[in-house]
Amino acid sequence: MKRYNPKEIEPKWQQIWDEQQTYHADLASDKPKYFAMSMFNYPSGHGIHIGHAMNYTISDVMARFKRQQGYESYHPVGWDAFGLPAENYAIKTGVSPQESMASIIPGYHAQYKAMGWSNDWSKEIATCDPEYYKWTQWIFWKMYEQGMVYQDERLQWWCTKCQTVLSNEQVIDGKCWRHDAADDPEVGKKAVKQWFFRITDYANEMLEATHDLDWSEAVKTAQINWIGKSEGAEVTFALANDHESRPNFVILHGFTGHANAHFIPRLKSDLESRGYQVQAPQMPNTDNPVEAEQVNYVLENCTFDKDTVLIGHSLGGAVAIKVLEKLDHPIESLVLVAPVVEPAFRGENYKNENPNRPPRLFVDTFDISYDYDQIVAKTKSRIVLSDAMEVKRKPYLDYLAPKIDAALHETTAAKIHFTSGNEPFILEVLDSCLLTRASDKNITVFTTRPDTLYGATFLVLAPEHELVRSITTDEQRSEIEAYITEAEKKSEVERQESKDKTGVFTGAYAVNPVNNQNIPIWIADYVLTGYGTGAIMAVPAHDERDNEFAQKFDLPITQVIAPYIVYDDEEFAPRDGLDNLKRRTVDAIITDGNNNYLLETEDEKNVHFVGGGVDKTDADDIAALRREIAEEVGFTNIASIKMAAPYNAAHAYRKTKNVNQVTWGQFYEVTLGSLAQERSEIEDGKHSIMWVTKEEVAAKLTWKGHATAWNHYINGSSEVFHQEGLMVNSGEYDGMESAKAREQIVQDLEGKGLAKFVTNFRIRDWSVARQRYWGAPVPIINCPVDGQVLVPEQDLPVVLPELKDFAPSGDGRSALARATDWLKVDCPKCGGPAERETDTLDTYICSSWYFLRYLDPHNSQAAFGSNVANKWMPVDFYNGGDHATAHMIYARFVTRFFHKLGLLAEPEPFKKFLFNGKVTASDGTMFSKSKGNGVDPLEIIGQGYGADALRTYLMFAAPLELWMRWDAQGVPGTYRFLNRVWNLTQEFCEFLQGQDSSFVAKAMKDKESREQDGLQGVEVLQAVHPVIRKVTSDLEQQKYNTAIASMMELTNTLYTLKKNGFTNMFAWQFALESLAAMIAPFAPHTADELWHDLGRTTSVQRDSWPLFDEQYLARDTITLAVQVNGKLRGTIEVPADTDQPASVEAAKQNDKIVAYLDGHEIIKTIFVPGKLINFVVR
RNA sequence: GGGCGAAUGGCGGAAUUGGUAUACGCGGCGGACUUAAAAUCCGCUGGUCUAAACAACCUUGUGGGUUCAAGUCCCACUUCGCCCACCA
């Protein structure tokens, strides 16, 4: 009998497949297409390892399965040949990357073929081939043309010895990979201009498309996190002016007697009482219009400096503006109180105003056409328009404000401040002048929680933030500089390693836009320069990082969100006789100082701490608390009061009574000085008190909000509260739900140009060029006259010149800077002398479109033809063990770009993606060259087990997504399985040869005579058909391990059936052919050999997949499990079509069951058709 | 810290989605063939109890729950893995 010898059959079939071009994919075929591939291979001198064997077999199995099913299946092959390792090797040895690739790649051909992978070699590609990278350059070209490319400076690792940039992997222990001796310097960071693709433009649509992909959830989540969308707001904080300079004021009166008599003197005295200098000149009293006389009077009699706030009331505002025009330097602020606006004066209806006419202030016939840019330029801080006294003018301001705002928005969004109102207007004007007085600098922060703005007690900038140096005060400068230097030295990784918060105060302050408080500005490396705006508002009460920072540097912490309890209709809601209210409360945790606590009892459902609302008449919290304690429980002798717990809030509603209360309470610990109730008449007479021990308090309290506060009081609240809650300490927003306040606050600030809703993405623009030799040159020419010029499309590719020395040039550029002949070029625009760009493209670009080139590898007119791409895209099956995020995002981006250009119908490249696990050593550690614990696939094959057994083991050991540990016994195991299939088939073939050939022909072909002679072989067919069904559906879902298990099971079954002989030869022939076809994706050589041994003349590799027949899926009899009270007590065999009553009856007759049922009453019988019967007895 | 997932014999793993837990393979034990070994073939192989078998009971990380029935669903906890990570 022919023995199973992979060493013989595998090379034989590999040669036949080669000669017959078995795996050549006809891209124009009429058959349905199937496009399966694994991630690109990066060729190295070491050849393929077990991880490659894993990856490429996974896609090979899918490609083969589909090819056998009748698809035109394409399993491409190519080389990701550009990149740093080959360049590093070249620098060290002088062997050019071109040469080393040329010597390495042929070795891979042999190894791929030895693995039996069904690659179409006629379409092989390599990214370092000019025919390929011409189109990689073209992608850059096209991106540039479409405005998707820009340059920007970024910090890069820099080796001062090489005078070159280093990649992360070239920095080893803080030193350059080539200069790592003890006396070599540590590498630093240097700002270098980099090329970027605007991938962030596509962030949102890629994110949304991610949800519909047929990928595993884990990989989709990785993509979603990588894109990292977060919704929030940008809020602008003005920088507070330094405290040295104080503002001074010039007030110009208007022409109404009332205002002159009241407003001006009052404002003047108010300001002077605060210690400010005020000039209020009595201008010559002319009638309207404003005349030069007045303007000159002001200029002559007043002094203006950079800190002057110029206030003009009514028509005084017009004078103020004319004065401002004449000044030769900027002033601090311009405040126009109750300005007179054009339509009002004309008596026209402002609504009829021509909307296209620029907004202006207007006085009588003297038309002041402002140059807004000039006004702004001469006003350092703010322009304030205040409606002041005359409320009737409000509509005009409302009309004017947005127009001025729109006109000025671009440059001065933060400068315009509108106020309105009546009585407190002077204070408002003062506030506007003093508190919002700011320098011309702003800091914009990104936050997802604008609702916590009132709790922002400091700002933190990233050390790299552009404003850091300009805002730092002289006293802080040296400390700040030291910190920046230190931060720059650290790599991202190192920064993350030490979680201890570090930071330095800049000496500067910003103005919190919601409450006008000055808050300090710090820098710290926990704020990242690349995300949001590189600056944050720190809310230490509600953010853990900020909290840690504030604790460490003793910065203020203000709670602004209170956790709250919702009482609904069903529960008891705290009540105090007031419905539909919203108020702040104070509550007293009263103790005698001796671990006894006082609770107030109204009835059994109302046991709580003493407390109540803060009234307007209460001076402060403490006064309110004393009043409540006295009123409700009659104590006035209080020894101490101190804060006991953070704010807690409660929201109670009762639909039935239409009660809707929102309260937020501060709890205080109150220690009594005497236990004597000094007032006997306590409120309403319905309050009584009880003293309980500390341990009893929790059990007695009936109000949940109080219980929560008690819990905080006892246990402390170590966790920073960062959830939704109710607003407290937040001015007008108090009592609002935080989610709602989040919208409201931003909306309100937006009106003042101080905030806007912003969606932020974590993904950054793609840095697409490297200062390296071994890559596709960036197709740009730098011309001294025309600047950056694209290489004309017809001049592509820019061929990478051959060099002798591959080390970087030493001036920060790649080795290409030394290739003088190549470098010097005529400018395509002006024809003058120019130089080529010396950066080369990131290899991620090469691998972001290679699947498209696979479809049209020899096209010299285009990157790919749209017709063939539209037929074959998307890739039906894609897998890999690395690059679940970056590579996938880039490939999706480039595909989407082509889709937008109309070159591709499909926006997504990969229909199905499987992120497979890796193979580790048997102890779970990674294989590594240094440990010498690697497993060489070729060695396994060479040992005689063959590629088929190796492939089958790799696919069988575990589900593909799981990491698998290499087991030396595994390949022998699958070898045994293949050997069993082999021997069984050989035995059958020998049996056939021993039979009379005419009888064989009859038994094989003639159905009737088969039946006559009893040669149907139903058992064999009933064994094989269910396995065909299972293997087919398992392969469809890449459940390779269970597919192989069921084929092993089938083999075992066939061995058992073999004992009855092979006389049912038709059935045996079918079973063995099917088995050979089904093992073919895993063991293609063995399968092809057996397929031919069974008499087939065509290859098993195409159109051979067996179909199952329903008729043989069902068995004649089935086994029913019989349970009693849910425990298995026996099984019965019944004909498959037995109905419920008959099955139950049969079960009751069963010997074992009888014993269990005896003496019990059956109270329920469960029947699951085809599965089980369960008797519930008692 | 966040997200996702997992936990089943001595080991890798299976379980049709709530219906006979431990398929298949490895390893181990026994037997056949052989002078012998390898290879091959045929058995057995979760635990307690037992010389062995039957029977019984227990068993899918731990503890509860839902259900006639839970590896599978729910709650809490423990441990592990992976990915992301000071993302505001």
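The values are calculated or read from the model by the stated rules, or taken from the named source; none is laboratory data. As the structure is a prediction and not an experimental result, all values here were calculated from the model. Here Cβ is always computed from backbone atoms with ideal geometry, including for glycine, and neighbour counts include all displayed protein chains. Side chains are part of the model used for accessible areas, which takes the heavy atoms of the whole protein and leaves out ligands, DNA and RNA. Shrake-Rupley method; radii C 1.70, N 1.55, O 1.52, S 1.80 Å.
For the reader, a short list of remarks on this structure follows.
- Heavy-atom accessible surface of A:VAL1027, to the nearest 10 Å², is about 20 Å², with a 1.4 Å probe and all protein chains retained.
- 3J(HN,Hα) from dihedral phi, segment A:722-739, Karplus parametrisation 6.51/-1.76/1.60, rounded to Hz, x for glycine, proline: 10, 9, 6, x, 10, 6, 9, 6, 10, x, 5, 8, 3, x, 7, 6, 4, 4
- Contact order normalised by residue count of chain A, Cα under 8 Å, 6+ apart, percent: 13
- For chain A, the per residue solvent-accessible surface stands at 44 Å², with DNA, RNA and ligands left out and a 1.4 Å probe.
- In degrees, nearest ten, helix A:50-68 long axis to first principal axis of chain A (Cα): 70
- When A:LYS378, A:LYS306 are compared by accessible surface with a 1.4 Å probe, the order from highest to lowest is A:LYS306, A:LYS378.
- Segment A:937-1064: relative contact order in percent, alpha carbon pairs under 8 Å with at least 6 residues between: 28
- The GluC sites (Glu not before Pro) of segment A:694-789 meeting both criteria, a DSSP state outside H, G, I, E and B (loop) and at most 11 other C-beta atoms within 10 angstrom of the site's C-beta, are A:GLU719.
- Across all directions, the average projected area of the convex hull around the alpha carbons of segment A:692-768 is 9.4 nm².
- The fraction of all Cα pairs in chain A landing in successive 20 Å bins from 0 to the largest distance is 9, 24, 27, 24, 12, 3, 0, given as whole percents.
- Within the straight-line cut-off of under 26 Å between alpha carbons, the lysines reachable from A:LYS616 are A:LYS582, A:LYS642, A:LYS686, sequence neighbours fewer than 8 places apart in one chain being disregarded.
- Surface accessible to a 1.4 Å probe, A:LYS12 within the full protein complex, Å²: 80
- For A:LEU1172, distant residues with modelled amide H under 5 Å away: A:ALA1121
- Within the shell of other residues whose beta carbon sits under 13 angstrom from the beta carbon of A:GLY810, the net charge comes to +2, with Lys and Arg scored +1 and Asp and Glu -1.
- Under a 5 Å amide H cut-off, with hydrogens placed 1.01 Å from N, A:VAL278 pairs with A:PHE249 among residues at least 5 apart or on other chains.
- Accessible heavy-atom area order of A:LYS1152, A:LYS193, highest first, probe of 1.4 Å: A:LYS1152, A:LYS193
- Across segment A:905-922, rounded Karplus estimates of 3J(HN,Hα) from the backbone phi angles (6.51 cos²θ - 1.76 cosθ + 1.60, θ = phi - 60°) give 6, 8, x, 10, x, 10, 5, 10, 10, 10, 8, 7, x, 10, 9, 10, 5, 5 Hz, Gly and Pro being marked x.
- Rounded to 5, percent antiparallel among DSSP beta bridges of chain A: 65
- Degrees between helix A:886-900 axis and first principal axis of chain A (Cα, 0 to 90, nearest 10): 80
- Excluding same-chain neighbours fewer than eight residues apart, the lysines reachable from A:LYS501 by a Cα-Cα span under 18 Å are A:LYS489, A:LYS490, A:LYS552.
- Under 21 Å of direct C-alpha separation, and excluding same-chain neighbours fewer than eight residues apart, A:LYS1152 reaches these lysines: A:LYS1127, A:LYS1164, A:LYS1171.
- Both radii were evaluated on the Cα set of segment A:1036-1091; the Rg over Rh quotient, with Rh as the Kirkwood radius, amounts to 1.01.
- Estimated [θ] at 222 nm from DSSP helical runs (n ≥ 4, -39500 (n - 2.57)) normalised by residues in chain A, nearest 500: -11000 deg cm²/dmol
- Cα-Cα over 24 Å, subset of A:LYS220/A:LYS911; A:LYS134/A:LYS824; A:LYS66/A:LYS123: none
- Karplus 3J(HN,Hα) series, Hz, for segment A:745-762 with 6.51 cos²θ - 1.76 cosθ + 1.60 (x for Gly, Pro): 4, 5, 4, 5, 6, 4, x, 9, x, 10, 7, 8, 6, 9, 9, 10, 10, 7
- Of the residues A:HIS24, A:HIS542, the one with the largest accessible area comes first in the ranking A:HIS24, A:HIS542, computed with a 1.4 Å probe on protein heavy atoms.
- Mean Cβ neighbour count within 10 Å, used as a protection proxy, ranking A:555-565, A:209-219, A:892-902 highest first: A:555-565, A:892-902, A:209-219
- When each of the peptides A:809-815, A:26-32 is scored by the mean number of other C-beta atoms lying within 10 Å of its residues, the order from highest to lowest reads A:809-815, A:26-32.
- Nearest-10 value in Å² for the accessible area of A:CYS830, using the 1.4 Å probe: 70
- Summarising the amide proton neighbourhood of A:PHE915: residues at separation of 5 or more, or on other chains, whose placed amide H is nearer than 5 Å comprise A:SER216.
- Acute angle (nearest 10 degrees) that the helix A:292-301 long axis makes with the longest principal axis of chain A, alpha-carbon atoms: 90
- For segment A:987-1142: relative contact order, % (alpha-carbon pairs under 8 angstrom, 6 or more apart): 22
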